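Since the structure comes first, as structure tokens, the remarks are kept for the end.
The values are calculated or read from the model by the stated rules, or taken from the named source; none is laboratory data. As the structure is a prediction and not an experimental result, all values here were calculated from the model. Counting neighbours? That spans all protein chains shown, and the Cβs are built from the backbone with ideal geometry, glycine included. Ligands, DNA and RNA are stripped out before the accessible areas are found, and what is left, the full protein with its side chains, is counted by its heavy atoms. Shrake-Rupley method; radii C 1.70, N 1.55, O 1.52, S 1.80 Å.
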Amino acid sequence: MNSRGIVLNSFDIKENDKIVWMYTEKLGKISVIARGARKKNSKITSLIQGLCFANYSIYKGKSAYFLNEGIIIDSFQDLLRDFETIAYSSYICELINLSIPENEKNFKVFENAIKALYLIKNSVGDIELLIRSFEVKLISSMGYHVNIEKCSECGSSFNNKIYFNNRNFSFVCKECNNSFKEVSLICYTTLRALVNFPIEKIYRINALPEAKKEIGFITNVYLNEICCRRPKSLDMLNFL
């Protein structure tokens with residue numbers, strides 16, 4: 001089978017082989033055995049580098065997928081230009097790896113990941129806001145509907161005060177608040193834009209640092225529920 005895919009992670013096995021985790025358009029997240037990938041002058045070595053986006057030829061054996069060949073679409077090596085782009089692009093791949101079960105496919109997640117990497121590569125817009133957008137859209141794709149239009153308890157529209165209910169991942173009005181964290185109006189406005197704007201249009205949004213920080217707190221609550229463990233890339237991001 002031929003499918004576009006992006007390399008999420010890999011590790012060595014045996015003497016010359018590697019197991020590669022990739023997120024593919026047609027098969028979803030899969031682990032692939034790349035035979036001979038560690039041999040000198042191997043033709044597939046460049047295909048299994050982290051972040052590599054390629055059209056892969058994959059075949060399934062009795063118990064595993066195997067990489068046959070491929071054509072690189074974009075190696076995304078430009079993302080290795082500095083610490084910030086390395087950290088954020090690694091975070092995108094790690095989030096997918098932690099949140100998506102094996103053999104599960106979701107074209108929207110795949111599409112948003114590729115778009116996000118191209119936007120980072122070309123320095124389009126605010127990179128931190130782009131990441132918040134990717135998180136919001138990943139959360140929605142995983143079945144956690146981020147409803148910010150109305151109070152989750154009484155169904156009324158929000159007026160002045162808005163609160164984040166971290167117990168069931170929702171937003172409530174002042175009347176329904178039960179000691180939940182208040183969300184600033186600028187955070188609410190920015191978050192609503194992230195929900196409604198496609199990821200390639202996020203560069204049109206201007207966000208204050210405090211709004212991005214608040215949104216990061218909210219998305220982390222969701223992601224801690226979705227992911228089995230904390231993404232290690234976050235440790236790098238804390239230095240930025």
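Points to keep in mind about this one:
- Under 19 Å from the Cα of Lys115 - aspartates and glutamates, other chains or at least 8 residues apart: Glu25, Asp74, Asp78, Glu84, Glu94, Asp126, Glu128, Glu135, Glu200
- Basic side chains Lys and Arg get +1 at the Cβ, acidic Asp and Glu get -1 at the Cβ, and with that the dipole of the chain about its Cα centre reaches some 600 debye.
- Segment 68-108: radius of gyration and largest Cα-Cα distance (Dmax), Å: 12.9, 33
- Annotation: per residue accessible area for the chain equals 52 Å², rounded to a whole number [probe 1.4 Å, protein chains only].
- Accessible carbon and sulfur surface of the chain relative to its total accessible area, %, 1.4 Å: 48 percent
- Under the simplified labelling scheme, the Asn68-Arg230 pair shows an inter-label distance of 4.4 nm, with each label point 7 Å from Cα along Cα→Cβ.
- Translational diffusion of segment 1-113 was estimated from the Stokes-Einstein equation, with Rh taken as the Kirkwood radius over Cα pairs; at 25 °C and 0.890 mPa s the coefficient is 174 µm²/s.
- Using alpha-carbon coordinates, inclination of helix 127-141 to the longest axis of the chain, degrees: 90 degrees
- Taking only the alpha carbons of segment 119-240, we obtain Rg and Dmax values of 14.5, 45 Å in that order.
- Here is how the number arises for the chain: DSSP H runs of 4 or more residues each give -39500 (n - 2.57), the sum is divided by the residue count, and the result at 222 nm is -11000 deg cm²/dmol.
- Ratio of Rg to Rh over the chain (Cα coordinates, Kirkwood Rh, two decimals): 1.03
- Scattering from segment 1-51 was approximated by placing one identical point on each alpha carbon and applying the Debye formula without solvent; log10 I(q)/I(0) at 0.14, 0.25, 0.26, 0.29 1/Å stands at -0.32, -0.93, -0.99, -1.14.
- Between 0 and 90 degrees, the angle of helix 209-226 with respect to the longest Cα principal axis of the chain falls at about 60 degrees.
- Degrees between helix 83-99 axis and first principal axis of the chain (Cα, 0 to 90, nearest 10): 90 degrees
- Once you divide the Cα radius of gyration of segment 188-232 by 2.2 N^0.38 Å, the number left is 1.29.
- Structural descriptor for the chain: relative contact order 16 percent, calculated from alpha carbon pairs under 8 angstrom and at least 6 residues apart.
- Distance from segment 163-240 to segment 82-127 (C-alpha centre basis), Å: 18 Å
- Restricting segment 105-211 to trypsin sites (Lys or Arg not before Pro) in coil, as DSSP defines it, with at most 12 other Cβ within 10 Å: Arg167
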